[in-house]
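Structure first, commentary second.
The values are calculated or read from the model by the stated rules, or taken from the named source; none is laboratory data. Note that this is a predicted model, so its numbers are computed, not measured. Using ideal geometry, Cβ is built from the backbone for each residue, glycine included, and neighbour counts are taken over all protein chains shown.
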Amino acid sequence: MSALLEVQDVTVRFGGLTALDNVSADITDGEVVGIIGPNGAGKTTLFNVICGFNRPDTGTLRWQGNALQRHQPRQLAGLGIARTLQGLGLFPHLSVLENVMVGATKHARAWIGSALLALPRGDRDEQQLRKRALEVLSELDVADIADRLPGQLPYGVQKRVALARALVADPKLLLLDEPASGLSNDEMRELADLLRVLKKDVSVLLVEHHMDLVMDVCDRIVVLDFGRVIAAGTPAEVRDDPRVLEAYLGEEVTDADG
Amino acid sequence: MFRFLNLTLNGLTNGMIYAAVALALVMIWRATRIVNFAQGGMLMFTTFIAWDLAQVHHANYWVALVVAVVAGILIGGVAERVLVRPVENGPPLNAVIVTLGLLIFLQALAGMIWGNSQAHSYPPAFRFIGYKVGDRTLRFSPNDLFIVLSVLVVVIALYVLFQRTSLGLQMRATAFNPEVAGLLGVRVGRLLTLGWALAAGLGALVGVLVAGTSSGYVTPVGPFDALLIYGFTAAVIGGLDSPGGAVVGGVVLGLILSYADSYISNFIQTMYALVVLIAVLMIRPKGIFSRTSERRV
Amino acid sequence: MKRMHVRVALGAVGVLLATAACGGSSSGGGGGGGGSGGASAPGVTSDSVTIGSTQPLTGPAAPGYSEIAPASDAYFKYINSQGGINGRKIIYKYVDDGYNPTQTVAQTRKLITQDKVFGIFNALGTPTHEKVVDFLNQQKVPDLFVASGCLCWDNVSAHPYTFGWQVDYTVEGKILGKYIAQKFAGKKIAYFYQNDDFGQDGVKGLDMEIPKNMVVSRQAYDVTNTDVSDQVSKLQASHADVVVSFSVPAFTALLKLNMLKVNYNPQLAVSNVGSDPITLSGLLEAFAKQAKATVNGGDLIQGIITDGYLSSPADPSNSWIQLFQKIHDQYIPKLPFDGNVEYGMAAAYTFAQALAAAGDNPTRDSLVKAVESGLPQGPGLVPFRFSADSHAGFTGAQVGVIKGTAIKLLGSPQTTDDGGGAVQDFSGTQPQAPSNGIPSSG
Amino acid sequence: MADELESPAGALIAPTSASSTDRFGVLSRSTLLRHTLAALVGFGVLWLLITSFSDYRNSSWIAPIAFTVCAAAGLTVLVGLSGQISLGHGAFMLVGAYTLALVQEHWTTSHGNLAMIGLLAAAAAGAALFGALVGVAAARLRGPYLAGATLALALGLPTLPSYEKLSGKLGGNAGLFVSSPNPPNGMDLYRWQSVICCASAVVVLWVLANVSRSRVGRSFRAVRDDEIAASLCGLSVPRVQVLAFVLSAAGAGVAGGLLAMIDLTAGPQAFPLSLSFGLLAAVVFGGLGSLAGAIYGSILITLLPLWSQDITDALSVHSHKVSSNMPLMVYGIVLTVAMLAVPNGIQGLLRSLRLTLAPGRRR
């Protein structure tokens, strides 16, 4: 089976600093892959390269076998890639339902003219988007707060909304940027369960600090340090790798990533 | 060649004036993150005060100038305390509207006191007849030299204030991060007021300088509003955060307007400002001298 | 395309932030709208006639010109104190349009529709008034003595209710041009003019009389840009001996200042609308101290050639000046007694002539008929052209030179048309002002 | 922007709500029906208003308010919904006015009322096209830089007709003539102009309400709230921003066309900076992003000078200097004080009143 997303020998430099150094990784259908590493290891940069926010200086990205060149973040949804943001990035003045409906943009069919003239076609389109959004919210058990504004909700619920907004686009690959940060233990367990369910429909690439979660749900793990891949393999393999231990020495409790 | 020299000198003089207005706007922007649209109105009002002293009450030129600057400092300080402070942390547009309200208020007040119907002339500080070069007379006079030098002196004085004194350090710290500055014991509120006051004082100086040129008249609504726009353009060209950029932006704008006025058309001066501004911003969306930071994801 | 926008105005400064919010109206006649009560026409009652006007009381055209309407109003008050015209007092309701056509339209419509004035009198400004001429004529409202020298007011078929008053700019240009071409034969001549129909109509007249090969430079200015230093440099580079300027007073002053700055001292000739000595010396006052040894602003304008169609305000022997001075001292002593005040009173006198001739029960049509049947010369140096075929005002002007704060008239008045007609000396004399200062009816 | 944008949608833009779907049956399901009905009712009320006022004094302000609404509604969509500032909306009005004048001069032979509709559409289209150009540049700019660029636009554009090479076509400082529409029998010109202005305002509001209520309006707000998240949702941020500029400019273009039709002229002096500032004041007053707020704000900035004029007249101030500047002063003071006292605009005030009176409901 060929890889869904392949990252091959990607190098990214910011000025004199090398953020990613010949990094390669891949993910196939139905897989959950974790990316871990201490602060400043280049995890978020890797995500940004995949999303088109940063361009690799060398190396290539392949999506379903085709090279991704000069792709824009807005094209991701169309390709089948969705991403959650570290800071959630919910639209603070849009209701939860509207937030998720924005996420469903790629399913919209109505032309701008329908919007200008309020044609019935636009209304039907809206109904569909709303139905789709409500379904996803229900799946994530948060349909009851559809009318609320994100700022009024507990952090854990906001995280679910962000996840719903990503999932409503029906992605093939989901990029999760620290989904567990700020969650209670219970919420984290729920997240793990959720990821195991999701995995049936969507591959997940995960940047995360919480080792328990990573070890629990990931099929494979890639370990970054100073922009280089220092280890890769199953959770068990990575756990026992001395280089990983070394890299993490004294870092394990930190919660933030640069 | 003589023409080019004249245009350059003319552009330099105007450019220094734009630079001073730009500097005033940048000081206020750095202090409070507000573009002061009342700047033109404030300097119009202080120039009227000076005009009243100099032309109606026959006061000495320098006395009138000092009174105008002091009045500017007071108006600036009071405006910050009373009007701007309540909207400083609000939505940015509210501050815009408040400064516009102040502008309109000052125009109306000046009209009530001094009338809208007359354009008043203002005495230049020195001879306004140009220097002689051989048998030709330059379009650059002792009074123009005075304008260039006085703006230069003020710019240097402000540089020293900002870079070499502890007060300046505190002001820079406040501009950089008011919360941290506050935690470090800086009395942020006072410094913001001071920033406005200094900027308005600088504006007042500019008003008097401009009024005394051979293209300036004192009226409630008129050339002082154009000054705001040129000053703003200069500040934006330089990057709103950079005092040095404001000065360079002002001079560059002055020169471009002077050349374009003569070589293209005298009728569309503000269009040149627009074209320059758009051209700069399309290449550098935050001005030439700003340090653009990468947007974080 | 038809362009008829003469700027008769004094563009002191850039119109950058017009006082749009200031739709200020000022009732000069002590308030009071149009009445009813047995009136034969809108605005006419048994004891009053209400007329309206739009004037630049604020904005770029205000300096100097804002004195005109108060002066007219003073004259009407003087008439009213003597019992009015045919027993009716004249109530003059002049409102500010800030020299902004948008305001002119709104204010004129208000005067006609809400205040129901009898007619519009001496509305000032070509770009402003041309926007309401169609409206006024559709409504059949008399539109008397527009304060502008545009040729466009004289169009009997399209605008039967509109009449000019002052001499038009092309006629003025011809008269000035003929004088200059003769006096400065063989010299280099240059033009400085406002880049609209005011300047262009004037230049058209100049070109009819001054041979093309004498003209070495033509520089236009825009009222929104007070920096005319570049135009002056170009005039200087052309080595013109005479500069003829069709400019409003503020730009006449700017022209003079910039010439001083580069030590360029040609003979200046300035059209009537831009040469009022008192307005000019006021504008130049502050600069005089730094300009060599001169003591006041008036010294900077001595010897400027200009023209006029009214007597000089500084001629105390003239019966009209005596009359206007008396009214000025009584009603508007705070204003300077200058050409603008004289203009306002003289135009008001002409209106009183027309109203007196319109009969005991004036109607809008009888007022128009009265003007079309011709009006006596009045305070002008030359007669009016008014007839059923012509709605143009004064037929000519007299060349003069600024001396002190007055214009010293030279030779005799001259008349001509705005076409190819010759400039001819006018042999008639100016009539004396009536002893009571009020035109007699009939 | 800030927190007070909590529910940017105003009375005319009910926020998408999951629960309200079936309350009004077919009306709630069809935006078209609902908005059209509201528009017809609104126009009916305005028609009654225009025809019932007997004197000029009481009805002459209707047309100015109506065309101000067109521009302010466009501006509130731009600033309030898409989060882009424009200090120079007068420039788009200018483009609309000149488009109307030029089209009328060169391409229409009839001056009938059908032609008027075409001319206003042309004004909207001309301004929209120009809005697209400006929008492309604006999409690269943020905050004060965008403010500065639009300010320079509002100041620079009105000088263009004076440019020697264009003044022949654009009429220089005096502008171009516009011929007036023909009122039907028995109606005054100013009343007919009021009718045209009100009809245009209703159409503009109808379109903008449709847009605000649609997915497009939601994209505007999403882009305003978080550009990065919006792009990850598949929205093209620059495209959305340009679209907002286009729509907003079209509204201003209609307003400019109407102004030209009332003034019978399209000239640069009708579009001073104070006009642009007044529009901005109107939308901030009304409450950003709210079409209803744009209406309140337009009424306020149109009537305020008239009211203060009346007050000044009533006080019979003798000094002309004082009386002629009084309206301007009142305007300045009200502008400042209102911003200090009611920072969230009228719409914000109404919202907090509603919250106080009915604390049980969230919206």
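Side notes on the structure shown:
- Screening the range A:163-229 for strands (runs of 3 or more DSSP E) wholly inside it with 2 or more residues that are charged (D, E, K, R) returns the ranges A:220-225.
- No other residue among A:134, A:175 is facing chain D (nearest Cβ under 10 Å) and either touching a residue at least 60 places away in the same chain (Cβ under 8 Å) or surrounded by fewer than 16 Cβ atoms within 10 Å (Cβ to Cβ) (or both) apart from A:175.
- Residues of the range D:65-88 satisfying the condition of being part of a helix (DSSP H, G or I), surrounded by 24 or more Cβ atoms within 10 Å (Cβ to Cβ) and within 14 Å of chain C (Cβ to nearest Cβ): D:67, D:68, D:71
- Residue D:335 vs. criteria buried (at least 16 other Cβ atoms within 10 Å of the Cβ), in a helix (DSSP H, G or I) and either more than 10 Å from every other protein chain (Cβ to nearest Cβ) or touching a residue at least 60 places away in the same chain (Cβ under 8 Å) (or both): no
- Any chance residue B:97 is without any contact (Cβ under 8 Å) to a residue 60 or more places away in the chain, part of a helix (DSSP H, G or I), among the β-branched types (Val, Ile, Thr) and facing chain D (nearest Cβ under 10 Å): yes
- Of all positions in the range C:258-276, at least one carries a residue that is more than 9 Å from chain B (Cβ to nearest Cβ), over 20 Å from residue C:219 (Cβ atoms), at pLDDT below 90 and touching a helix residue (DSSP H, G or I) at 6+ places or on another chain (Cβ under 9 Å).
- Qualifying positions in the range B:259-286 - facing chain D (nearest Cβ under 7 Å) and within 15 Å of residue D:149 (Cα to Cα): B:270, B:271, B:273, B:274, B:277, B:278, B:281, B:282, B:285, B:286
- Number of the exception - residue B:57 against (1) more than 30 Å from residue C:229 (Cα to Cα); (2) more than 14 Å from chain D (Cβ to nearest Cβ); (3) crowded, with 24+ Cβ neighbours inside 10 Å; (4) more than 19 Å from the chain's Cα centre (by Cα): (3)
- Among residues of the range B:34-50, those that are away from chain D (no Cβ under 14 Å) and either under 14 Å from the mean Cα position of the chain (by Cα) or crowded, with 24+ Cβ neighbours inside 10 Å (or both), counted: 4
- Among the residues of the range D:153-195, those that are part of a helix (DSSP H, G or I), over 18 Å from residue B:265 (Cα atoms) and facing chain C (nearest Cβ under 9 Å) comprise D:174, D:189, D:190.
For every residue, the table says whether it meets (1) under 19 Å from residue C:107 (Cβ atoms); (2) more than 14 Å from chain A (Cβ to nearest Cβ); (3) within 14 Å of the chain's Cα centre (by Cα).
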site	(1), (2), (3)
D:229	no, no, no
D:238	no, no, no
D:251	no, no, yes
D:278	yes, yes, yes
D:307	yes, yes, no
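- Within the range C:344-382, the set of residues being among the polar types (S, T, N, Q) and touching a residue at least 40 places away in the same chain (Cβ under 8 Å) comprises C:350, C:353, C:361, C:363, C:377.
- Residue in the range B:111-129 that is farthest from residue B:60 (Cα to Cα), counting only those that are in a helix (DSSP H, G or I) and touching a residue at least 40 places away in the same chain (Cβ under 8 Å): B:111
- Checked against (1) away from chain D (no Cβ under 12 Å); (2) in contact with a strand residue (DSSP E or B) (Cβ under 8 Å, 6 or more places away or on another chain); (3) surrounded by fewer than 22 Cβ atoms within 10 Å (Cβ to Cβ), residue A:192 passes all but a single condition, namely (2).
- Flag if residue D:210 is within 14 Å of chain C (Cβ to nearest Cβ) and of a type outside the set (Ser, Thr, Tyr): no
- Flag if residue A:50 is assigned to a strand (DSSP E or B) and modelled with pLDDT of 90 or more: no
- Qualifying residue in the range C:90-99 (condition: within 14 Å of chain B (Cβ to nearest Cβ), in contact with a helix residue (DSSP H, G or I) (Cβ under 7 Å, 6 or more places away or on another chain) and assigned to a loop (DSSP other than H, G, I, E, B)): yes
- Restricting B:93, B:74, B:100, B:83 to residues that are more than 15 Å from residue B:208 (Cα to Cα) and either at pLDDT 95 or above or touching an Asp or Glu at 6+ places or on another chain (Cβ under 7 Å) (or both) narrows the list to B:74.
- Yes/no for residue A:231 being without any contact (Cβ under 8 Å) to a residue 60 or more places away in the chain, over 15 Å from the mean Cα position of the chain (by Cα), crowded, with 17+ Cβ neighbours inside 10 Å and within 19 Å of residue A:7 (Cβ to Cβ): yes
- Residue B:251 meets all of the listed conditions (1) modelled with pLDDT of 85 or more; (2) within 19 Å of residue D:147 (Cβ to Cβ) but one, namely (2).
- Failed item, numbered, when residue B:18 is tested on (1) away from chain D (no Cβ under 12 Å); (2) assigned to a helix (DSSP H, G or I); (3) surrounded by fewer than 22 Cβ atoms within 10 Å (Cβ to Cβ): (3)
Yes/no per residue for (1) away from every other protein chain (no Cβ under 13 Å); (2) part of a helix (DSSP H, G or I):
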position: D:114; (1), (2): yes, yes
position: D:127; (1), (2): yes, yes
position: D:130; (1), (2): yes, yes
position: D:136; (1), (2): no, yes
position: D:141; (1), (2): no, no
position: D:148; (1), (2): no, yes
position: D:151; (1), (2): no, yes
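- Across the range C:47-72, the qualifying residues are those that are modelled with pLDDT of 90 or more and over 16 Å from the mean Cα position of the chain (by Cα), and the one among them that is farthest from the other protein chains (Cβ to nearest Cβ) is C:47.
- Of all residues in the range C:198-233, those satisfying the criterion of being charged (D, E, K, R) and within 8 Å of another protein chain (Cβ to nearest Cβ) are C:222, C:227, C:230.
- Hey, residue C:244 within 18 Å of residue C:275 (Cβ to Cβ), in contact (Cβ under 8 Å) with a residue 12 or more places away in the chain and part of a strand (DSSP E or B) or not: yes
- Among the residues of the range C:109-128, those that are within 11 Å of chain D (Cβ to nearest Cβ) and either part of a helix (DSSP H, G or I) or touching a helix residue (DSSP H, G or I) at 6+ places or on another chain (Cβ under 6 Å) (or both) comprise C:109, C:110, C:111, C:112, C:113, C:114, C:126, C:127, C:128.
- Residues of the range C:247-270 that turn out to be free of Cβ contacts under 8 Å to residues at least 60 places away in the same chain and assigned to a strand (DSSP E or B), as a count: 2
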